[in-house]
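In what follows, a single structure is set out as structure tokens and then discussed.
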Amino acid sequence: MSVFTPVTPEQLSAWLQQYCVGTLVQMQGIAAGIENTNYFVTTTGGSYVLTLFEKLTPIELPFYLGLIAHLAQHGIPSPAPATDLHGRLFSELNGKPAALMSRLQGQEVTAPTPAHCREVGSTLADIHLAGQSYPGRLDNPRGPRWWREAAHKVSPFLDAGRAALLHSELKCQAQNRREDLPRGPIHADMFRDNVLFAGSRIGGVIDFYFACIDCLLFDVAVTLNDWCVHPDGVIDMPRAHALLAAYHARRPFAAAERDTWPVLLRSAALRFWLSRLYDFYLPRPGELVRAHDPEHFRRVLELRIAHACDAPWI
């Protein structure tokens, strides 16, 4: 959600003529995240979020936008993509594919409680259940193949200890495949800044642009590693148990998921350590760009390795 591709009010006003949303009143760049260009957009017809896709192509976008629309139609508090006068979910703006989404209500929670985590667990399970009827297919673009490629590129920047940790964990993950676990569409990035709370309830889940088909439990691990940890990466057990129990009440875990859980907590930490290393050392130029500290997820990974035997469960 950074601004890599600037858009002027005049350019946006002309582009909006393809939509039945009224005329432009105000626009503001969103300085968060690192993947796409985003603007808050207010028109005479309502409030929206404009996204220009910096990496995703017109071939890939139908999976993401179709999934978001599917989830919204099934009661998930996700954005509703607007269609243009030709019925399309996206079109070109300043040389990039762009989409207009409804702006959801709520605020990011920076200090979650067990009550927040219960809501997150229930909503994540609902996303997984609703996704089972979505026909789109897309393997995880940030899965094991990408891990290996990214590790090769960032390794020259690492000291010996970090390089050893990275390559040891890649070897461990290669020895623990997870093809036999329940699979389906996952969010894959359901961090605190991608969930909006309106009071005590979730008002919106946003930023589905890492969504893919993968193990449902991997999504749970990604979510727990952000929502249920202290600043030092240590798991907060009351929050973790609240999230897991609420998820399990909606979609009961399979026996095989229990056995694989500690490894998936590690793989979720590895994935985000690698992506943050990549974005930190190999950034793209852009306006209002915010890079995350990769050291946080290095610590998370080390903790998940050291405490694999006492990983939280229901």
So, G136, is that one in a strand (DSSP E or B), among the small types (G, A, S), surrounded by fewer than 21 Cβ atoms within 10 Å (Cβ to Cβ) and touching a residue at least 60 places away in the same chain (Cβ under 8 Å) or not? no
What pairs can you find where one residue is in segment 58-76 and under 23 Å from D126 (Cβ atoms), the other is at pLDDT 95 or above and of a type in the set (S, T, N, Q), and their Cβ atoms are less than 7 Å apart, with a gap of 6+ or different chains? I68/S78; L71/S78; A72/S78
Here are some residues: D214, D189. Which one is touching an Asp or Glu at 6+ places or on another chain (Cβ under 7 Å), at pLDDT 95 or above and acidic (D, E)? D189
Please work out if Y39 is open to solvent by less than 40 Å² (accessible area, probe 1.4 Å), in a strand (DSSP E or B) and either more than 22 Å from I186 (Cα to Cα) or at pLDDT below 95 (or both). yes
Condition first: assigned to a helix (DSSP H, G or I) and touching a strand residue (DSSP E or B) at 6+ places or on another chain (Cβ under 9 Å). Now tell me which residues in segment 236-254 satisfy that. R239, A240
Give the residue, chosen from D226, D232, D189, that is out of contact with any strand residue (DSSP E or B) (no Cβ under 9 Å at 6 or more places or on another chain), free of Cβ contacts under 8 Å to residues at least 40 places away in the same chain and in a loop (DSSP other than H, G, I, E, B). D189
Take V120 and decide whether it is under 24 Å from A80 (Cα atoms) and not in a loop (DSSP other than H, G, I, E, B). yes
Looking at this structure, is R266 under 29 Å from S155 (Cα atoms), touching a residue at least 60 places away in the same chain (Cβ under 8 Å), buried (at least 21 other Cβ atoms within 10 Å of the Cβ) and not aliphatic (A, V, I, L, M)? yes
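The values are calculated or read from the model by the stated rules, or taken from the named source; none is laboratory data. Keep in mind that what you see is a predicted model, and the values were worked out from it rather than measured. Ideal geometry is used to build each Cβ from the backbone, glycine not excepted, and the neighbour counts take in all protein chains shown. Remember, those area values only see protein heavy atoms, side chains included, never the ligands or the DNA or RNA. Shrake-Rupley method; radii C 1.70, N 1.55, O 1.52, S 1.80 Å.
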